[in-house]
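The values are calculated or read from the model by the stated rules, or taken from the named source; none is laboratory data. Source: prediction; values computed, not measured. Heads up, the Cβs are rebuilt from the backbone with ideal geometry, glycines too, and the neighbour counts pull from every protein chain shown.
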Amino acid sequence: MNLNTIYCADCLDLMAEMEDDSVDLVFTSPPFKDEDVTGDYWEFYNEFLQQTLRVASKAVCVIHSATKLNHLIIDNPPKRVIIWGKGFVKYSWRWNPILVYQISDDYKVNKFIWSDCFGVSPLYGSDKCHVYQDPAKLYETIIKMFKGCDTVLDPFLGSGTTAVACINTGRNFIGIEKDEDYFVIAQKRIKEAQGQARLIV
């Protein structure tokens, strides 16, 4: 797969074609709700996670829902859980777990995580172009922690936030998004970010 490129495809199909250890870091926020996937949710999720653990060489970060945390940890225990704290917001769930998986003993994720909780306000209304869009500031903060992770894959790219964060932190990205409308939005956001990159070190 080409660097700094996004693909309009089903991520399970495309990741199945990727070689082992072909990216440094997988950073993504998969669907949270059962109705957002086809078939059994946990069958879908476990297949997705196993593919990410195979294609990543250093680490996998998955932003998920606090409502599913027990199941997530019991089925696939992460090396570390860090928190996206949203502060005083209108939603009943004011935080999201970010599950961190260490791929090998050669890359110790605990050396790079400098905080377990990141307070970043969520996006609302006209600030969002995707129903589940997260702030780029959060993604930039987390991604830049993982030193030596120069190539980042997001299998659920959505509106392109991970790619934008990679541009702003000097990483290469590969994105996969199966929804054609969001794919077009992601293309536009990536082009804009590349034209006005603000490198964060």
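Some observations on this one:
- Candidates are the residues of region 161-172 that are farther than 14 Å from M145 by Cβ and under 11 Å from the mean Cα position of the chain (by Cα); the one that is surrounded by the fewest Cβ atoms within 10 Å (Cβ to Cβ) is T161.
- Taking region 105-120 as the range and being under 17 Å from K58 (Cβ atoms) and charged (D, E, K, R) as the test, the residues that pass are D105, D106, K108, K111.
- Of all residues in region 13-43 being in contact (Cβ under 8 Å) with a residue 60 or more places away in the chain and assigned to a helix (DSSP H, G or I), the one that is farthest from D106 (Cα to Cα): L14
- Among the candidates V120, V152, residue that is modelled with pLDDT under 95, buried (at least 16 other Cβ atoms within 10 Å of the Cβ), in contact with a Leu (Cβ under 6 Å, 6 or more places away or on another chain) and β-branched (V, I, T): V120
- From the list N96, N70, N46, N2, the lone residue that is of a type in the set (S, T, N, Q), assigned to a helix (DSSP H, G or I) and touching a residue at least 12 places away in the same chain (Cβ under 8 Å) is N46.
- Between D105, D10, D75, the distinction of being without any contact (Cβ under 8 Å) to a residue 12 or more places away in the chain and acidic (D, E) belongs to D105 only.
- Any chance K137 is at pLDDT below 95 and over 16 Å from V23 (Cα atoms): yes
- Within the span defined as region 23-30, every residue fails to be among the charged types (D, E, K, R) and more than 26 Å from K144 (Cβ to Cβ).
- Only one entry of K58, K90, K33 meets the criterion of being basic (K, R), over 13 Å from the mean Cα position of the chain (by Cα) and either modelled with pLDDT of 95 or more or under 25 Å from I113 (Cβ atoms) (or both), and that entry is K58.
- Condition met for R80 (basic (K, R), free of Cβ contacts under 8 Å to residues at least 24 places away in the same chain and farther than 19 Å from D36 by Cα): no
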